[in-house]
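Report on the following structure.
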Ligand SMILES: [Zn+2]
């Protein structure tokens, strides 16, 4: 029985834009500040939604109507902040740009 030659499994690596070492460091340096804000907003959003859901349990639907949209809005805010400027070099970015045109840092 003849075994076919083992064909090497070609794994197509994602073509991610390469950052220079300096850009990468700059990105990491700026990240905690941005991420901290995002985390705070997300927690606040979840907390507000939780208050709203509590309104369903307790029958206070006005709470739900007020806090759930507010919580969703707050947790959505960081996305707007993020798309405003580059996370690495802080140059203004278009909301649709996934990669900074100035320094090439990918926006998360
Ligand atoms: Zn940049």
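For the stretch 76-90, indicate whether the set of residues that are modelled with pLDDT of 80 or more, over 16 Å from the mean Cα position of the chain (by Cα) and at negative phi is non-empty. Yes, the conditions are met somewhere in the stretch 76-90. Residue count for the stretch 84-103, restricted to those that are over 19 Å from residue 38 (Cα atoms), within 7 Å of the ligand (Cβ to nearest atom) and touching a residue at least 24 places away in the same chain (Cβ under 8 Å): 1.
The values are calculated or read from the model by the stated rules, or taken from the named source; none is laboratory data. Nothing here was measured: the structure is a model prediction, and the numbers come from that model. Every residue, glycine among them, receives a Cβ derived from its backbone with ideal geometry; neighbour counts consider all protein chains shown.
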